[in-house]
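Asks: Take a look at the following structure, please.
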């Protein structure tokens, strides 16, 4: 298997500390309210809370009853009410006059190398609404990491939000005392989700990504239904490096998983078979040393085999093969007419509303917008199939630049001269244009060529022995976000990438940190740990690609993300079809 | 298995290389299925120690987890006596609070050093300041010394949750300086807090005017109004900005909050005059027409007693369904009605300018669901000038087959349509998928793929007609020693 061993890889900092920290502070806050109290929790804080505390801990600190915040009148018998909420206007309005404390719960470690802010709304708030309410939160998360784990020697970033987060973080650090600690990370890379929309819109085909696409991993745990468990009950499973079977297949292309699981099953059989012909003494040793481990493995193995089988069935049913072919053609810019016909039929048949939208967006970004007649016709058909109220969704997608109509006869130079004119124009027209200017040209085709994101077609790609990060998309495409990270780390900055950054609408930066002068830099493990922060969400495919890159380069990546995302979550955040 | 003689090899072509596909006919997949059987058949002593298996409640949450207990307590409360519990005042507080506190100040409080004992020692006071409850102090506290701070200092205090006052920013210029300073530190919560202050202390004309030149602040303001549901003000703002299309959409969005279909229809009607883009104006017009028609159809179908409604009772109302769903419904319940009636497929097709392709797809789905194979056939039948009937389709026949299959059409029906697929690869994969043996066998025969014929024979029941057919084909060729072309011809004549 490709990723199981980390030869010469640096060890990772212990992030369980962050959980302990959050728990201790929660306890401290609860102790500020002595006596019995009822606790009201924001629905989306419940799962994260579950990862750091449990009911026993809450009870120990005199929490009587637990409620979900529902923005309805409260019915409670307790004298003291305690609310655990995200600072949202609606919630604050509902709670009314109270005293507040801040619970510094910024980061939830989902795994050894994944830290999440658990803020799925970050994406819409920041990129669609242009509301910067979470910028300081992201900055504070970085400050927390720096305080606990030490400083960084270099910070790179790209994107408007990345810049703001960096500034916010810097200011927070200037406020506090600088702590000189042995650095635990060498480098930090901040990237805005809107720098690369293509990657999260692609179907995921590495195991973990596929599980997320089909079953939705929530806060590091997934619920497998009866179709997976082959029984009448559902099971919630934590998916992380503790699961020995999962940790070996999570980064694998799905086509390798069957073979691996089959082999495991055989090994397991052999291990059990050892019992035959054992004498009492040997049997005793077997039960004491091996049996428990075997049983554990047995349980996990049947679970993942069940999951693979169920995923295969689901994917066959939706003609996944054809869908993938269309995606790959779009990435390659090949047979676009056929792709449009496919998308059209997909819409006509009213198959998955989100998949149709995803394909439309992918078509638009890769083609730098749709031809006017295509845009109108596809939009009309979409509204016919899925409801006219989606014209609000289309307005959102347009504003974000995810799904656009090409302006007649518009070339890049025309566009540029327009932009140039805008700068001098002081009419209201200018301002209205500026308002929706968060939408940007994607330039995907040119970027793809420049960065060699799409391998030449016709070349054989052996998914068993991946040769680059493209394996996470069956060898058809290297995630743009990850390619940027690779290039910048290699060049130690943005030099030589001027054309690329121009096509990405600039906003790139590289800053050398204060502690860079420290001796013995190259020797410590820390110098080979890179922290990548995704603002607006990151997918499991990107995480797998970075793990692969780390293995290739002898470094390790730690992903900090505002939330784990995928195509469905990304697009659902932009729907406006219900009250 | 007897291997074919060398001379036969000249006749038979080699099988195509098969790559991995997401298809359950895949070999690897059957391998996996075997593994599953293997793993499940491994016998383990039945005293399963369940300690590492999570106990899961009815809702699927692990027993003892917080999410689980929340649901549990919520349900136990419901069963108890509710009326005696005190109610908490839920009137909004932000609006009556005056200008004193930013949103972020509600969540931050100033540091109170040395209060944390439980933290691990690795954290110094500076890196882990404790946040003691600032707001628990009387609200007037500290106002004296915060009353003459600069915009910069005020914004910094707002960011940190220290006491501050906005009252002293009286002139427009001062207020704008404050706003610009908030924007300069990128803190969305502070920006919104300042905007709330400006909203209260400035006339909306002036505020709108100033926001026009401040994009970031403007976006925050728009979002704030959206979240607070201040629809009217929002529409005014967008109008003032000259963003008429956005204003129209914003107004149109309101229909989603109207539950009563009659009122919703009337509201949509009132939207028709809004300044939408040309495209969207058509869509909104369609939306109104659609709901109007649906209300009429619904009223009549609710009490309809035609045979079809008894045989297939309606599961839901047709109100607020998309156009295509409405068309499907009409192809299901009102097929063959004259174009004059609102509920007829032809009327819907015409009213909403539905393409032929879309119409065929939808009608095909509905008629196949009803197993009206005759109707299905007539969708595709065309007569040429000689009077022969031929099947034509604006959508690929592989798609047609797929839809027929999903509606569990019998093999005979499927076979007819599989045969109509143009692309030989699609035809073969369709035939394999839907087990149209004749088509599969004929295709392999035409491809001269002996290997695949042998493989396929093994999947068939011994001595079934299909099995015998393959047997015959294989024998015939082995017997013949004629040159290639001739032998090919012979097979055709034999079958």
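The values are calculated or read from the model by the stated rules, or taken from the named source; none is laboratory data. Just so it is clear, the model here is predicted, and its values are computed rather than measured. Ideal geometry is used to build each Cβ from the backbone, glycine not excepted, and the neighbour counts take in all protein chains shown.
Asks: If you scan the stretch B:275-312, which residues turn out to be under 27 Å from the mean Cα position of the chain (by Cα) and either more than 24 Å from residue A:391 (Cα to Cα) or part of a loop (DSSP other than H, G, I, E, B) (or both)?
Replies: B:276, B:277, B:298
Asks: Consider residue A:48 carefully, then state whether it is within 30 Å of residue A:247 (Cα to Cα), part of a helix (DSSP H, G or I) and more than 9 Å from chain B (Cβ to nearest Cβ). Even if it seems obvious, please write down each step before you answer.
Replies: Numbers: within 30 Å of residue A:247 (Cα to Cα): yes; part of a helix (DSSP H, G or I): yes; more than 9 Å from chain B (Cβ to nearest Cβ): yes.
Here the answer is yes, as residue A:48 does meet what is asked.
Asks: Restricting to the stretch B:313-328, and then to whatever is touching a helix residue (DSSP H, G or I) at 6+ places or on another chain (Cβ under 8 Å) and more than 11 Å from every other protein chain (Cβ to nearest Cβ), can you tell me which residue is modelled with the lowest pLDDT?
Replies: Among those that are touching a helix residue (DSSP H, G or I) at 6+ places or on another chain (Cβ under 8 Å) and more than 11 Å from every other protein chain (Cβ to nearest Cβ), it is B:314.
Asks: Take the residues in the stretch A:82-106 that are touching a strand residue (DSSP E or B) at 6+ places or on another chain (Cβ under 8 Å) and either within 7 Å of chain B (Cβ to nearest Cβ) or within 30 Å of residue A:148 (Cα to Cα) (or both); name whichever of them is surrounded by the most Cβ atoms within 10 Å (Cβ to Cβ).
Replies: Taking the candidates together, the pick is A:101.
Asks: Can you tell me which of (1) within 34 Å of the chain's Cα centre (by Cα); (2) farther than 30 Å from residue B:308 by Cα; (3) not in a loop (DSSP other than H, G, I, E, B) is the one residue B:453 doesn't meet?
Replies: (1)
Asks: Counting only residues that are within 7 Å of chain B (Cβ to nearest Cβ) and under 22 Å from residue A:351 (Cβ atoms), which one in the stretch A:297-324 is surrounded by the fewest Cβ atoms within 10 Å (Cβ to Cβ)?
Replies: A:313
Asks: Among the residues of the stretch B:322-360, which ones are more than 21 Å from residue A:388 (Cα to Cα) and not in a helix (DSSP H, G or I)?
Replies: B:334, B:335, B:336, B:337, B:338, B:339, B:340, B:341
Asks: Considering only residues that are in contact with a strand residue (DSSP E or B) (Cβ under 8 Å, 6 or more places away or on another chain) and free of Cβ contacts under 8 Å to residues at least 40 places away in the same chain, look in the stretch A:217-243 and name the one that is farthest from residue A:199 (Cα to Cα).
Replies: Applying the filter and picking the extreme gives A:233.
Asks: Whether any residue in the stretch A:375-391 is touching a strand residue (DSSP E or B) at 6+ places or on another chain (Cβ under 6 Å) and either crowded, with 21+ Cβ neighbours inside 10 Å or more than 21 Å from residue B:365 (Cα to Cα) (or both) is what I want to check. Steps first, answer last, please.
Replies: First, the residues of the stretch A:375-391 that are touching a strand residue (DSSP E or B) at 6+ places or on another chain (Cβ under 6 Å): A:375.
Now restrict to residues that are either crowded, with 21+ Cβ neighbours inside 10 Å or more than 21 Å from residue B:365 (Cα to Cα) (or both): A:375.
Yes: one or more hits.
Asks: Going residue by residue through the stretch B:406-417, is there one that turns out to be part of a loop (DSSP other than H, G, I, E, B) and closer than 25 Å to residue B:302 by Cβ?
Replies: Within the stretch B:406-417, the subset part of a loop (DSSP other than H, G, I, E, B) is B:407-410.
Those left that are additionally closer than 25 Å to residue B:302 by Cβ: none.
For the stretch B:406-417, residues part of a loop (DSSP other than H, G, I, E, B) and closer than 25 Å to residue B:302 by Cβ: absent.
Asks: Could you please give the count of residues in the stretch A:133-153 that are without any contact (Cβ under 8 Å) to a residue 60 or more places away in the chain, part of a loop (DSSP other than H, G, I, E, B) and more than 8 Å from chain B (Cβ to nearest Cβ)? Steps first, answer last, please.
Replies: From the stretch A:133-153, those without any contact (Cβ under 8 Å) to a residue 60 or more places away in the chain are A:133, A:135-137, A:139-140, A:143, A:146-147; that's our starting set.
Pick out the ones that are also part of a loop (DSSP other than H, G, I, E, B) and you get A:133.
Now drop any that are not more than 8 Å from chain B (Cβ to nearest Cβ), which leaves none.
Final tally of qualifying residues: 0.
Asks: While we're on this one: Residue by residue through the stretch A:107-132, note down the ones that are part of a loop (DSSP other than H, G, I, E, B) and without any contact (Cβ under 8 Å) to a residue 40 or more places away in the chain. Show your work before the answer.
Replies: Of the stretch A:107-132, the ones part of a loop (DSSP other than H, G, I, E, B) are A:107, A:112-113, A:117-121, A:129-132.
If the condition is that a residue be part of a loop (DSSP other than H, G, I, E, B) and without any contact (Cβ under 8 Å) to a residue 40 or more places away in the chain, then A:129, A:131, A:132 are the ones that fit.
Asks: Another question, if that's okay. Yes or no: the stretch B:153-165 includes at least one residue that is part of a helix (DSSP H, G or I), at pLDDT 85 or above, more than 9 Å from chain A (Cβ to nearest Cβ) and touching a helix residue (DSSP H, G or I) at 6+ places or on another chain (Cβ under 6 Å).
Replies: yes
Asks: For the structure I just gave you, tell me whether residue A:434 is within 14 Å of another protein chain (Cβ to nearest Cβ), at pLDDT below 55, surrounded by fewer than 21 Cβ atoms within 10 Å (Cβ to Cβ) and in a helix (DSSP H, G or I). Lay out the reasoning, then the answer.
Replies: On the way: within 14 Å of another protein chain (Cβ to nearest Cβ): yes; at pLDDT below 55: yes; surrounded by fewer than 21 Cβ atoms within 10 Å (Cβ to Cβ): yes; in a helix (DSSP H, G or I): yes.
Against the criterion (within 14 Å of another protein chain (Cβ to nearest Cβ), at pLDDT below 55, surrounded by fewer than 21 Cβ atoms within 10 Å (Cβ to Cβ) and in a helix (DSSP H, G or I)), residue A:434 qualifies.
Asks: On the basis of being surrounded by fewer than 17 Cβ atoms within 10 Å (Cβ to Cβ), within 14 Å of chain A (Cβ to nearest Cβ) and at pLDDT 90 or above, does residue B:371 make the cut?
Replies: Numbers: surrounded by fewer than 17 Cβ atoms within 10 Å (Cβ to Cβ): yes; within 14 Å of chain A (Cβ to nearest Cβ): no; at pLDDT 90 or above: yes.
In short, no.
Asks: Considering only the stretch B:350-361, state which residues are surrounded by 15 or more Cβ atoms within 10 Å (Cβ to Cβ) and either more than 16 Å from residue B:337 (Cα to Cα) or away from chain A (no Cβ under 14 Å) (or both).
Replies: Answer for the stretch B:350-361, where residues must be surrounded by 15 or more Cβ atoms within 10 Å (Cβ to Cβ) and either more than 16 Å from residue B:337 (Cα to Cα) or away from chain A (no Cβ under 14 Å) (or both): B:352, B:354, B:355, B:357, B:358, B:360, B:361.
Asks: On to the next question. Taking the stretch B:206-229, which residues are more than 8 Å from chain A (Cβ to nearest Cβ) and within 29 Å of the chain's Cα centre (by Cα)? Quick ask: steps written out before the conclusion?
Replies: Going through the stretch B:206-229, the residues more than 8 Å from chain A (Cβ to nearest Cβ) turn out to be B:206-211, B:214, B:217, B:221, B:225, B:229.
Residues satisfying the conditions are B:225, B:229.
Asks: Still on this structure, I have one more. Mind telling me which of the residues A:246, A:260, A:254 ends up being closer than 30 Å to residue A:549 by Cα, within 9 Å of chain B (Cβ to nearest Cβ) and either free of Cβ contacts under 8 Å to residues at least 24 places away in the same chain or surrounded by 13 or more Cβ atoms within 10 Å (Cβ to Cβ) (or both)?
Replies: On the way: A:246 fails: within 9 Å of chain B (Cβ to nearest Cβ); A:260 fails: within 9 Å of chain B (Cβ to nearest Cβ).
Residue meeting the stated conditions: A:254.
Asks: Could you please give the count of residues in the stretch A:460-484 that are closer than 15 Å to residue A:255 by Cα, at pLDDT 95 or above and touching a strand residue (DSSP E or B) at 6+ places or on another chain (Cβ under 7 Å)?
Replies: Qualifying residue count, the stretch A:460-484: 2.
Asks: Condition check: within 14 Å of chain A (Cβ to nearest Cβ), in a loop (DSSP other than H, G, I, E, B), at pLDDT 95 or above and over 28 Å from residue B:395 (Cβ atoms). Does residue B:267 satisfy that?
Replies: Working: within 14 Å of chain A (Cβ to nearest Cβ): yes; in a loop (DSSP other than H, G, I, E, B): no; at pLDDT 95 or above: yes; over 28 Å from residue B:395 (Cβ atoms): yes.
So residue B:267 does not fit the description; no.
Asks: So, in the stretch A:26-45, exactly how many residues are more than 28 Å from residue A:562 (Cβ to Cβ) and either part of a helix (DSSP H, G or I) or in contact with a helix residue (DSSP H, G or I) (Cβ under 7 Å, 6 or more places away or on another chain) (or both)? I'd like the intermediate steps shown before the answer.
Replies: Within the stretch A:26-45, the first condition is being more than 28 Å from residue A:562 (Cβ to Cβ), and the residues that meet it are A:31-38.
Imposing the further condition that a residue be either part of a helix (DSSP H, G or I) or in contact with a helix residue (DSSP H, G or I) (Cβ under 7 Å, 6 or more places away or on another chain) (or both) reduces the set to A:31.
Matching residues across the stretch A:26-45 total 1.
Asks: Hey, another quick one. Among the residues of the stretch B:181-195, what is the count of those that are within 36 Å of the chain's Cα centre (by Cα) and under 17 Å from residue B:164 (Cα atoms)?
Replies: 7
Asks: Separate question: With the stretch A:166-276 as the region, which helices (runs of 4 or more DSSP H) entirely inside it contain at least 1 residues that are under 22 Å from residue A:475 (Cα atoms)?
Replies: On the way: elements: A:198-201, A:207-215, A:226-229, A:244-249, A:254-273.
Of the helices (runs of 4 or more DSSP H) lying wholly inside the stretch A:166-276, those with at least 1 residues that are under 22 Å from residue A:475 (Cα atoms) span A:198-201, A:207-215, A:244-249, A:254-273.
Asks: Could you grab me the full set of residues in the stretch A:501-549 that are in contact with a strand residue (DSSP E or B) (Cβ under 6 Å, 6 or more places away or on another chain), closer than 17 Å to residue A:479 by Cβ and modelled with pLDDT under 95?
Replies: Result: A:530, single match.
Asks: Does the stretch A:266-296 hold any residues that are surrounded by 16 or more Cβ atoms within 10 Å (Cβ to Cβ) and more than 10 Å from chain B (Cβ to nearest Cβ), and which are they?
Replies: Residue satisfying the conditions is A:286 alone.
Asks: Sticking with this one: Scanning the stretch A:536-558 for residues that are assigned to a loop (DSSP other than H, G, I, E, B) and within 14 Å of the chain's Cα centre (by Cα), which turns out surrounded by the fewest Cβ atoms within 10 Å (Cβ to Cβ)?
Replies: Filtering the stretch A:536-558 for residues assigned to a loop (DSSP other than H, G, I, E, B) gives A:536-537, A:539, A:554-555.
Applying the additional criterion that residues be within 14 Å of the chain's Cα centre (by Cα) yields A:536-537, A:539.
Values: A:536: 29, A:537: 23, A:539: 30.
Selected residue: A:537.
Asks: Taking the conditions exactly as written (under 24 Å from residue A:138 (Cα atoms), more than 9 Å from every other protein chain (Cβ to nearest Cβ), assigned to a helix (DSSP H, G or I) and touching a residue at least 12 places away in the same chain (Cβ under 8 Å)), does residue B:181 satisfy them or not?
Replies: Working: under 24 Å from residue A:138 (Cα atoms): yes; more than 9 Å from every other protein chain (Cβ to nearest Cβ): yes; assigned to a helix (DSSP H, G or I): yes; touching a residue at least 12 places away in the same chain (Cβ under 8 Å): yes.
Here the answer is yes, as residue B:181 does meet what is asked.
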